[in-house]
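Structure first, then comments.
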Amino acid sequence: MSMERILWFDEQVRAGRNPASADLAAHFNVSVRTAQRDIEVLRDRLQAPLKFAKAEKGYAYGDLSFDLPSAFFRKEELVALLFARRLFRDIRPPLREEAETISARLDELFRTPLLEKLEDAVSFDVGRGPDIPGKIFFDLLRAIIQRRVARLHAAAHEEGEAAGRDIEVEPLGLHFSQGAWLLLAYPRKKKGVCAYSLTRMRGVEVTGQQFVPSAKTPAADAAARRGMATFRGGKARDVRIRFRPGKAGWASAQAWHPGQRIQFELDGSVVLELPEAPVVEILGLVLQQRGDARVVAPRELRDAVQAEADRLAAAYPSKGK
């Protein structure tokens, strides 16, 4: 079995080209019998819904929601593979002969169109945080690669609270930063990009509705690599966030932290005081409020969040402008 051949065959089937074993054999210069064994592995071991279309004389998927990456890898294995590729590509330290061999194999593997798309869909920073369910991770990857609108089922802020809201978004990319996963996406009912923490998602529904990405949209890495370097530890202490009057009632009714305090201002705004909070969630909150919330303190966090928000606004301009 060759993973490269199977990935290529999956790409051809998914594109509607109805490949046959002869096409696979010719592309990789192997025997038809070898190609047929690869197809059998894809169908029987990986449980792909392959059907032979007699009219087209080739294979098709009976269910396009089938996700080959989640069949091939566990989430941890796929993340490790993508992270290794990123290290070899971006850092490029002096390599010994053995490491050069591994790098060459990764280069060959990532010539496969599907893994190229996966690499574009995921980016990394440093840190280690709470794990997320593999289904959520792979559902978001599928939505990003297939350019499909995703419906995010957000969790409540704490156990026992009423269920959170559902949000429809056009997903752009996943980014791992400050020990947590973020989804960068255009919400359907707002302008501009937002960042959503995966730790607060109860589930993801990949809809059948496709979207056309903006021609100006860069890779996820370009929109999330810098800006928060001051807070490598992942948390900020003694945080103060000001909400404008229109959001004051909503913000004061939320359970953010057991030690939170709410300060009501004369102009109708409120200031939320938190003893500590994950930086990635503060960034996501400010971006989602689209100007109705801003960090007041500490100064370093205020400046970092503002710089990140400005950079994301420039990288992902409001749709329609």
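Values in this text are rule-based calculations from the coordinates and carry no lab data. Predicted model, so just to flag it, every value in this text is computed and none were measured.
Within the stretch 229-315, the proportion of Cα pairs with more than 19 Å between them is 34 percent.
The alpha-carbon atoms of the stretch 3-66 define a convex hull whose volume equals 75 cubic angstrom per residue. Taking all Cα pairs closer than 8 Å and separated by 6 or more residues, the relative contact order of the stretch 229-315 comes to 36 percent.
Scalar couplings 3J(HN,Hα) for the stretch 22-27, obtained by applying the Karplus form with A = 6.51, B = -1.76, C = 1.60 to θ = phi - 60°, are 5, 5, 5, 5, 5, 5 Hz; x denotes Gly and Pro.
Around the amide H of ALA236, modelled in the peptide plane, lie the amide H atoms of ALA277, VAL279, all under 5 Å away and 5 or more residues distant in sequence or on another chain. Karplus-derived 3J(HN,Hα) values for the stretch 243-252, using 6.51 cos²θ - 1.76 cosθ + 1.60 with θ = phi - 60°, are 10, 5, x, x, 10, 4, x, 5, 5, 6 Hz; glycine and proline are entered as x. Taken one residue at a time, the phi angles of the stretch 165-171 give Karplus couplings (6.51, -1.76, 1.60, θ = phi - 60°) of 8, 9, 10, 8, 9, 9, x Hz. Gly and Pro are set to x.
Near PHE66, no amide H atom lies under 5 Å from its own; only residues 5 or more places off or on other chains count, and H is placed 1.01 Å from N.
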